[in-house]
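Everything on this sheet refers to the single structure shown next.
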Amino acid sequence: MAAVKTLPTDVSKVGAEGTVKLFGRWETQDVECKDISLTDYIQIRHAVYLPHTAGRYAKKQFRKAQMPIVERLVDSLMMKGRNNGKKLMAVRIVAHAFEIIHLLTDQNPIQVLVDAIVNTGPREDSTRIGSQGTVRRQAVDVSPLRRVNQAVALLTIGTRESAFRNVKSVAECLADELINAAKGSSNSYAIKGVRIKARKGAVKAQAKHEPSVFRDQLYKHLEPVQSGDFEGYTKELVAAGGTLEYLKYADALFEILIVGGLLQPGGSFVDDGAPKSPFSIANVPEPIQVDEVKKYVEVFNKLIRRYKYLQRPLEESSLPSLMQYMHRWPPEQKDKVAVATGLMISQGLASAGCLQTLTKDSIVKDGAALNIVTSVFRVILAEQTMEHLSSLLKKGGIKDLLLFFPLSKRTADALLTHFKDANLSQIADWYTKKQTSALKTQLIAQLKQMCENEEPPETIIAAIREHQAALPEAELVQVIWQGLMASVDWSARADQIEGLALREVTKYAPIIEPFCNTGKSQVALINVVQVYCYDDTRIIKAFPQILKVLYNKDCVSDQAIIYWFQKGAKPQGKQHFLKASEPLVKFLQSQEDESDDDEE
């Protein structure tokens, strides 16, 4: 192109003119920067023939502010990928664009470029202040150099995007972008900014929320169905999901289907004159029958199987929200919702975690929460076993049933009495077992800690006696053995393990002996030693010696050993342990026979 043939051939003519013109045509002397803050960062006084100075502007920080502004535009055009390093091509594009600008505006193209940079450089931005969970956005002023950097980048980005799949050339698109930016026109990419297309989900989330309109539209589907036609209600609810936004109005949907209408804060119905829903749990006839409520819950089951995404808002939002208002409802409505909730939890439509809302002080204080969970538990146990209910409570994060009791009755005895009086003795028995298991775990950890701290046997025995009344004697002996053995370091060599086991049993025998006063507790001790040796095969051969140490330390009697040998042994490794302890048993039997002969 003729535009890039800019080097002067007549030196005397250049000397006569006294100026160096860009591309041999455009002077920089008359160019002005209208923004005083950018004067030092838009280099227009460095006159060159071509925008290629080969300067080392990246060697030092902020030195690129001294680069001629046209050269910065050329360098920014060398983006991306296949255009990297093609400076001669970028120079030709800029030269051609400047010719077009001059033809269209009759102005110095360098002046147009400077005006475009001044208009498009952002003056304010936002930055992140803080770290991790305390991050916030803070408005900040943009430095002059960054304003120039961003302006040049936006101008070239807009040029590339407008030239993509366009009949116009890159030079024509660059000329249009610079002209529009210099005039401050919204047609400039650098001025109007990037238009971010919102996702469909975000658009829906920002849409107007009108639950009353949703309710009226849902009623139109339910009203034609005859009362008691549960298949018809199911069919209409499933069909309505194709047109109504169930996910957006999930809370409103379940309020309508459970209590019969929309609720306002506080638990009362929205006072807009709307009738009650043709189908809801509140429509269950009285007196309440579980089999009748099942028909309504089956509609929920089929609806959620069709629209699986409704299950999460039901158990995480709708049911907990309704639970917090139940203590203000009439007893009949309260019982209907409690029975329906129990059936939903039993059938897996919701988790027991929705009951955690009932642990609030405002609901617990007058016993309302206790009555509700009692009704829920009664329904679940009529359908499932106590083990299943225990699993549901564990998955729902309910760790202690006492949280549903008023503060004045928050004791284990009150819990046992309440559920026994309510004919739910299986809950009372389960709670007793749970408390016993927790006590065992606590005592084992305490004994392990005391043994590791090498506390005297008298102190350890006193600590055990504090829990003696809460545990049966056979279970207490097992817990003592497990706690004492948990403190032993079994990392010794294989040939030293048996000797270590005998030394530790001898050491801890005085602690075990005071709690082995009956034959039952002594047999239980032998059994726990048998199972312990069976589980840890490293000391399985030491079982007869351990049994002998316990006998010598008066922890077990000869009658207890003989009874264990004859019919009291556990099935774990039974034949091995019986054979290993047979010599000891024969010795004890012979001793017993000799004593009988002496008495005669």
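The values are calculated or read from the model by the stated rules, or taken from the named source; none is laboratory data. A quick note: this is a predicted structure, and the numbers were derived from the prediction, not measured. Please note: Cβ atoms are built from the backbone with ideal geometry, for glycine as well, and neighbour counts cover all protein chains shown.
Annotations
- Residue within the stretch 559-566 that is under 29 Å from THR459 (Cβ atoms), without any contact (Cβ under 8 Å) to a residue 60 or more places away in the chain and either assigned to a helix (DSSP H, G or I) or charged (D, E, K, R) (or both) present: yes
- Among residues of the stretch 382-399, those that are assigned to a helix (DSSP H, G or I) and over 23 Å from HIS327 (Cα atoms), counted: 11
The rows are residues; the columns are (1) assigned by the TED database to the domain that holds VAL364; (2) basic (Lys, Arg); (3) under 25 Å from LEU349 (Cα atoms).
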{"position": "THR374", "(1), (2), (3)": "yes, no, yes"}
{"position": "LEU389", "(1), (2), (3)": "yes, no, yes"}
{"position": "LYS394", "(1), (2), (3)": "yes, yes, yes"}
{"position": "LEU407", "(1), (2), (3)": "yes, no, no"}
{"position": "ALA414", "(1), (2), (3)": "yes, no, no"}
{"position": "THR417", "(1), (2), (3)": "yes, no, no"}
{"position": "ASP429", "(1), (2), (3)": "no, no, no"}
{"position": "LYS434", "(1), (2), (3)": "no, yes, no"}
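- Hits in the stretch 231-275 - residues which are within 31 Å of the chain's Cα centre (by Cα), farther than 22 Å from MET323 by Cβ and not aliphatic (A, V, I, L, M): GLY241, GLY242, GLU245, LYS248
- Of the residues making up the stretch 323-368, those that are charged (D, E, K, R) and in a helix (DSSP H, G or I) are ARG328, GLU332, LYS334, ASP335, LYS336, ASP361.
Listed here are the residues, each with its yes/no results for (1) among the β-branched types (Val, Ile, Thr); (2) touching a Lys or Arg at 6+ places or on another chain (Cβ under 9 Å); (3) over 26 Å from LYS34 (Cβ atoms).
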position	(1), (2), (3)
ARG146	no, no, no
GLN150	no, no, no
THR156	yes, no, no
PHE164	no, no, yes
SER169	no, no, yes
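- Residue, surrounded by the fewest Cβ atoms within 10 Å (Cβ to Cβ), within the stretch 276-323, restricted to residues that are aromatic (Phe, Trp, Tyr) and over 28 Å from the mean Cα position of the chain (by Cα): TYR296
- Number of the condition not met by GLY241 [criteria: (1) surrounded by 15 or more Cβ atoms within 10 Å (Cβ to Cβ); (2) closer than 30 Å to PRO285 by Cβ; (3) at pLDDT 90 or above]: (3)
- Screening the stretch 443-459 for residues that are buried (at least 16 other Cβ atoms within 10 Å of the Cβ) and out of contact with any Phe, Trp or Tyr (no Cβ under 9 Å at 6 or more places or on another chain) and picking the one that is farthest from VAL523 (Cα to Cα) gives MET450.
- When the stretch 406-452 is limited to residues that are of a type in the set (Gly, Ala, Ser) and either without any contact (Cβ under 8 Å) to a residue 12 or more places away in the chain or out of contact with any helix residue (DSSP H, G or I) (no Cβ under 6 Å at 6 or more places or on another chain) (or both), the one that is nearest to ALA474 (Cα to Cα) turns out to be SER437.
- Single unsatisfied condition, THR159 versus (1) more than 43 Å from the chain's Cα centre (by Cα); (2) over 14 Å from LYS192 (Cα atoms): (2)
- Single condition SER487 does not satisfy, out of (1) in contact (Cβ under 8 Å) with a residue 24 or more places away in the chain; (2) over 25 Å from GLY568 (Cβ atoms); (3) not assigned by the TED database to the domain that holds TYR532: (3)
- Residue in the stretch 20-60 that is nearest to LYS87 (Cα to Cα), counting only those that are β-branched (Val, Ile, Thr) and assigned to a loop (DSSP other than H, G, I, E, B): THR53
- Candidate set from the stretch 324-348 (those that are touching a residue at least 60 places away in the same chain (Cβ under 8 Å) and under 16 Å from ASP361 (Cα atoms)); member that is surrounded by the most Cβ atoms within 10 Å (Cβ to Cβ): TYR325
- Among residues of the stretch 66-90 being small (Gly, Ala, Ser) and surrounded by fewer than 15 Cβ atoms within 10 Å (Cβ to Cβ), the one that is farthest from GLN43 (Cα to Cα) is GLY81.
- Residue within the stretch 221-229 that is part of a helix (DSSP H, G or I), more than 31 Å from the chain's Cα centre (by Cα) and without any contact (Cβ under 8 Å) to a residue 12 or more places away in the chain present: no
- Looking across the stretch 392-405, just one residue is free of Cβ contacts under 8 Å to residues at least 12 places away in the same chain and either crowded, with 17+ Cβ neighbours inside 10 Å or touching a Leu at 6+ places or on another chain (Cβ under 9 Å) (or both), and that is LYS399.
- Hey, ARG72 more than 18 Å from ASP176 (Cβ to Cβ), assigned by the TED database to the domain that holds ARG25, under 46 Å from the mean Cα position of the chain (by Cα) and assigned to a helix (DSSP H, G or I) or not: no
- Filtered residues of the stretch 352-391 (kept if in contact with an Asp or Glu (Cβ under 7 Å, 6 or more places away or on another chain) and surrounded by 21 or more Cβ atoms within 10 Å (Cβ to Cβ)): CYS354
- Summed over the stretch 248-267, residues that are assigned to a loop (DSSP other than H, G, I, E, B), in contact with a helix residue (DSSP H, G or I) (Cβ under 6 Å, 6 or more places away or on another chain) and within 12 Å of LEU310 (Cβ to Cβ) total 1.
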